[in-house]
Amino acid sequence: MLCPELWKFPTPSYTVERLVSTSNWEKLKKTHKIRKAIEAQQLNRIVSVVIPANEPQFIQGLEVDFSGPNCTLYRVRHFPVMEMLKREFMEGFVKRGTMYAISTNTNLETKNCAAITPSGELIMSIHRETLEKLEGNFTTSARSPNGNKCVIKIDLTSPDAKKQLKNTTLAFDLTLRWIPPGDEYSNSGTSGKVSASSIAKYLRDNCQLQVETVSAGCRKMVRSDESIPKTDHTDNLFTENSEQSLCTNDELLEYIGMLALDCKTTSDEYVSSYRIDEPDRKTETVSIFHGHGIITAEEIERCIMRVVTLLSECETIPWVGMHVQGFANVPLTSASRGEAGIYWNYDSGYTMVITSQKLLWSRCFGRRL
């Protein structure tokens with residue numbers, strides 16, 4: 001019996017935009033499609049960068065960006081919702097600085113989940129039985145079609161936040177990151193007057209909660225003798241002409257995805273229609289970087305600027321691929337007009353392939369329950 005096709009999945013929809021300089025990115029990121037994709041994913045879990053070259057200094061720069069003192073995460077056990085609604089917590093950490101929080105080790109489909117977005121919004125996805133036990137003047141922003149789960153959103157920056165939930169014993173295991181005011185765009189830990197560890201001290205001393213330190217991690221890989229698919233080095237960099245033995249948009253996205261997932265790029269272990277064309281050029285190594293934790297939109301943008309600068313200075317590198325992966329348990333309401341229900345951010349993300357000529361943008365969406 002032949003093995004089934006393992007790599008031939010439908011390719012996500014993508015767009016190709018012009019990207020020729022760092023100033024051009026400032027204009028490009030304001031376009032509707034790209035802005036909507038970035039705004040929809042405020043809580044990022046992994047950033048993967050694939051470079052078809054040996055660039056240790058560039059990788060080291062990424063490691064510094066994603067391993068600063070303010071990248072430290074804290075895992076809080078059984079964090080009561082009523083503690084989140086206290087004035088001291090909201091004034092000291094939600095309204096000052098930037099707060100990121102996500103439920104730990106939970107399944108969105110079967111468990112109660114919560115998240116705090118950088119805009120100061122508490123989002124809770126809870127079961128119907130839990131909803132019936134809540135007391136307050138809150139409103140449900142969305143319900144799943146079967147009615148078993150709903151989403152409650154509370155603006156923690158609002159003076160009426162405490163009035164929306166009068167009393168509840170609901171609590172969550174949260175992994176959170178707090179960036180102090182003045183440090184939003186710096187990981188050096190020296191520009192701000194307040195330490196990022198202040199939130200851990202507050203939760204331990206004032207709330208009597210169990211708090212563990214979790215370091216944000218980085219992983220670097222180097223692949224030797226990796227073949228690079230053919231690409232057109234002219235203005236028509238990404239070709240869809242099947243008569244030419246050049247890499248198409250679909251194939252390049254698939255190839256970068258395989259490297260980001262640490263897959264083998266050869267298909268000798270099973271039957272597959274995927275093949276890598278004979279390379280237009282070979283490189284001794286391919287550099288792969290993975291940064292994971294709770295990653296901010298500003299850090300992703302700085303990574304993009306680094307990539308654009310690298311490509312402008314090194315003409316031998318044809319492209320750099322970057323994939324941003326979201327968390328699997330962040331509930332999102334449907335953005336489609338007239339369509340009810342909840343869209344779950346179920347391992348959704350987006351991929352960017354940046355070259356000196358174009359930006360290939362692919363958006364992967366979550367699924368609807």
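Before we move on, is D268 closer than 28 Å to G68 by Cα, at pLDDT below 85 and assigned to a loop (DSSP other than H, G, I, E, B)? Break it down into steps so the answer makes sense when it comes.
Numbers: closer than 28 Å to G68 by Cα: no; at pLDDT below 85: yes; assigned to a loop (DSSP other than H, G, I, E, B): yes.
In short, no.
Has the range 233-250 got any residue that is modelled with pLDDT of 80 or more and surrounded by 13 or more Cβ atoms within 10 Å (Cβ to Cβ)?
Step one: filter the range 233-250 for residues modelled with pLDDT of 80 or more, giving none.
No: the range 233-250 contains no residue that is modelled with pLDDT of 80 or more and surrounded by 13 or more Cβ atoms within 10 Å (Cβ to Cβ).
I'd like to check something: does the range 37-44 contain any residue that is under 14 Å from T351 (Cα atoms) and either at pLDDT 70 or above or open to solvent by 80 Å² or more (accessible area, probe 1.4 Å) (or both)?
Residues of the range 37-44 under 14 Å from T351 (Cα atoms): 37-38, 41, 44.
From what is left, the residues that are either at pLDDT 70 or above or open to solvent by 80 Å² or more (accessible area, probe 1.4 Å) (or both) are 44.
Yes, because at least one residue in the range 37-44 is under 14 Å from T351 (Cα atoms) and either at pLDDT 70 or above or open to solvent by 80 Å² or more (accessible area, probe 1.4 Å) (or both).
Can you tell which of A142, A115 is touching a Ser or Thr at 6+ places or on another chain (Cβ under 9 Å), open to solvent by less than 40 Å² (accessible area, probe 1.4 Å), modelled with pLDDT of 90 or more and not hydroxyl-bearing (S, T, Y)?
Values: A142 fails: modelled with pLDDT of 90 or more.
Answer to the check: A115.
Please count how many residues of the range 196-219 are modelled with pLDDT of 85 or more and surrounded by 14 or more Cβ atoms within 10 Å (Cβ to Cβ). Can you show your working first?
From the range 196-219, those modelled with pLDDT of 85 or more are 196-214, 218-219; that's our starting set.
From the residues that got through so far, the ones that are surrounded by 14 or more Cβ atoms within 10 Å (Cβ to Cβ) too are 196-200, 202-204, 207, 209, 211, 214, 218.
The qualifying residues number 13.
Residues to consider are E132, E121, E88; find the one that is open to solvent by 30 Å² or more (accessible area, probe 1.4 Å) and without any contact (Cβ under 8 Å) to a residue 12 or more places away in the chain. Reasoning before the result, please.
Working: E121 fails: without any contact (Cβ under 8 Å) to a residue 12 or more places away in the chain; E88 fails: without any contact (Cβ under 8 Å) to a residue 12 or more places away in the chain.
Answer to the check: E132.
Residues being at pLDDT below 85 and under 22 Å from L28 (Cα atoms): count how many of those fall in the range 274-297. Working first, answer last.
Filtering the range 274-297 for residues at pLDDT below 85 gives 274-285, 297.
Then keep just the ones that are under 22 Å from L28 (Cα atoms); that gives 297.
Residues that pass the stated criteria total 1.
Which of the strands (runs of 3 or more DSSP E) found entirely inside the range 315-362 contain at least 1 residues meeting this: modelled with pLDDT under 75 and touching a Phe, Trp or Tyr at 6+ places or on another chain (Cβ under 9 Å)? Walk me through how you get there before you give the answer.
Numbers: elements: 320-326, 331-333, 342-344, 349-354.
In the range 315-362, the matching strands (runs of 3 or more DSSP E) lie at 331-333, 342-344.
Among all residue pairs at least 6 apart or on different chains, which show Cβ distances below 8 Å where the first residue, located in the range 200-222, is of a type in the set (V, I, T) and the second is open to solvent by 80 Å² or more (accessible area, probe 1.4 Å)?
Taking only residues 6 or more apart or on different chains, the pairs are V211/R204; V222/N54.
The values are calculated or read from the model by the stated rules, or taken from the named source; none is laboratory data. Since this is a predicted model, take the numbers as computed values, not measurements. Every residue, glycine among them, receives a Cβ derived from its backbone with ideal geometry; neighbour counts consider all protein chains shown. For accessibility, only protein heavy atoms count, side chains too; no ligands or nucleic acids. Shrake-Rupley method; radii C 1.70, N 1.55, O 1.52, S 1.80 Å.
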